[in-house]
Amino acid sequence: MKARQFIEDLDLKGRRVLIRVDFNVPLDENQKITDNARIVAALPSIRRIIESGGKCILMSHLGRPKGQRVESMSLKPAAEELSLLLEKNVSLAPDSIGSEVEKMVSQMKEGELLLLENLRFHQGETKNDPQFCEALARLGEVYINDAFGTAHRAHASTAGVAALMEDRAVGYLIRKELEFLGAAVLDPQKPFTAILGGAKVSDKIIVIKRLMEKVDALIIGGGMANTFLKAQGMEIGDSLLEEDALETAKNLLDEAKKSGVKIHLPVDVCSAPELLQEVETKFLKVEDKVQAGWKILDIGPESVKQFGSVIQNSKTVLWNGPMGVFEYPAFASGTRGVTEALAKATDAGAVSIIGGGDSAAAVNQFGMQDRITHISTGGGASLEFLEGKELPGVSVIPEK
Ligand code: AMP
């Protein structure tokens, strides 16, 4: 994999640098940011721009305002947070395009910062509308993409505007993502184990197939394991099942056998009659029938033990998707156990990579984020990258 043009390769001094960041931060009902991690993650590129004497014009989306101005989705809290983090003034533009914004940009001095208002207040953003792209392009001379979470979308700010600008590069965050995810797939230290979980098999078939060509072992947990268990003739009661994927699951198990990849499925589960905070739960071995009316909602303790020992014998571990409904404490033990095993393996020198989304949320919930080598900032983007798809927000940046 060739490296992409990088922020450090470009001359930024005195130039208007338009940078796409991911400031899509969670807000509470009082518009207070509850987790500033995404803003913190963009700091290295932002600092590079201002310290090089560039004029830093930041653009992001927040939520889904669907092409309309929605005050509760203003980026004002993000401008304030960034200002606190940098100890520097960050102005918020009244819009993302237009004559007033162009005037503000023209008055910027070297090292100053301006955050454009939520890009998705315009429909042109998600539609990658040419006029909207041109209006954005007028604001900058250099384009930087550092929003990995939206790099799999061909939107105006991630793809369209970049194509209109001569000088373009990826920032520190995207480069780091590409390095870790790329190394995991192309050149992993062996033994290499992938852990896949989450709700559906159908969402992850392509990535399972691709990873099977690379891994020594594949651990499958979460709701998607049910379909594999059923394909092997187990009774899974009223658990989440994808009838349409049963055949695919059988084929994947056969393919794994042929190619010598060891697939680890749960050997025991935690089940309940309903997904509730307070509910009776039963631990069962997978050979025991899950009764009609009961659902598998987590992997059991023996599975945690077995998965844990596979993880601790690995040198590279890639994880996407929780082992159970970890949002409910009664069904979080499996995901917590796998997180602990991953943290221990990392402490012992393994490279651990978490593909964003729910598994990243889980690791943060358990407070073990500092013991993981790399937690991707893009769930959808990392999955598409691992599937071998081109990410429009990356492929628009020239290779070196
Ligand atoms: P995904 O987006 O496919 O990674 O799925 C993540 C979701 O899968 C989480 O919200 C989990 O609560 C859910 N999940 C995990 N295990 C199960 C299960 N056994 N039954 C139903 N949902 C599950």
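The values are calculated or read from the model by the stated rules, or taken from the named source; none is laboratory data. What you see is a predicted model; the values in this text were computed from it and never measured. All Cβ positions, even for glycine, are placed from backbone atoms using ideal geometry, and neighbour counts span all protein chains on display. Heavy atoms of the whole protein, side chains included, go into the accessibility calculation; ligands, DNA and RNA do not. Shrake-Rupley method; radii C 1.70, N 1.55, O 1.52, S 1.80 Å.
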15 Å beta-carbon shell around L75, net charge (K/R +1, D/E -1): 0
Apportionment of accessible area to carbon and sulfur, the chain, percent (1.4 Å): 46 percent
Extreme residue, positive dipole direction of the range 251-400, given options G321, L297, A345 (C-beta unit charges): A345
Mean projection area, nm², convex hull over Cα of the range 308-400: 6.9 nm²
Two-decimal ratio, the chain, of alpha-carbon radius of gyration to 2.2 N^0.38 Å: 1.07
Candidate residues L342, L253, L186: accessible-area rank, largest first, probe 1.4 Å: L186, L253, L342
Debye intensity ratio in log₁₀ form over the Cα atoms of the range 188-386, taken at each q of 0.13, 0.14, 0.19 Å⁻¹: -0.63, -0.73, -1.39
Within the range 8-41, backbone nitrogen closer than 18 Å to the virtual label 7 Å beyond the Cα of E80 toward Cβ: 23-40
Helical mean residue ellipticity (222 nm; -39500 (n - 2.57) per DSSP H run of 4+; nearest 500) of the chain: -10500 deg cm²/dmol
Segment A292-Q123, extension gain: residue separation times 0.36 nm, minus the distance between their alpha carbons: 56.1 nm
Relative contact order %, the range 188-386, counting alpha carbon pairs below 8 Å whose residues are six or more apart: 21 percent
Reach of K2 by Cα under 16 Å, taken over aspartates and glutamates that are not fewer than 8 positions away in the same chain: E177, E179, D187, E390, E399
Stretchable slack from Q369 to Q131, in nm (0.36 nm times residue separation minus alpha-carbon distance): 81.5 nm
Charge sum, other residues only, whose C-beta stays under 11 Å from A147's C-beta, Lys/Arg counted +1 and Asp/Glu -1: 0
The range 1-114, Cα convex hull volume normalised per residue, Å³: 127 Å³
Cα-Cα over 29 Å, subset of K282/K305; K258/K400; K200/K282; K103/K176; K13/K76; K55/K176: K258/K400; K103/K176
Inter-centroid distance (Cα atoms) of the range 33-62 relative to the range 168-245, Å: 31 Å
For the range 226-312, projected area of the alpha-carbon convex hull averaged over all directions, nm²: 6.3 nm²
In order through the range 4-17: 3J(HN,Hα) via Karplus (6.51 cos²θ - 1.76 cosθ + 1.60), integer Hz, x for Gly, Pro: 8, 3, 10, 3, 6, 7, 9, 7, 10, 4, x, 9, 7, 9
Rounded tilt (10° steps) of 301-312 against the dominant C-alpha axis of the chain: 60 degrees
Part-to-part distance (alpha-carbon centres) for the range 76-99 and the range 140-154, which is given in Å: 18 Å
Accessible area (Å², per residue) of the chain, counting only protein heavy atoms and a probe of 1.4 Å: 44 Å²
DSSP-assigned coil residues among GluC sites (Glu not before Pro) in the range 72-143, each with at most 12 further Cβ atoms within 10 Å: E87
Table column - 3J(HN,Hα) (Hz), the range 337-349, Karplus curve with 6.51, -1.76, 1.60, x for Gly and Pro: x, 5, 4, 4, 4, 5, 5, 5, 4, 5, 4, 8, x
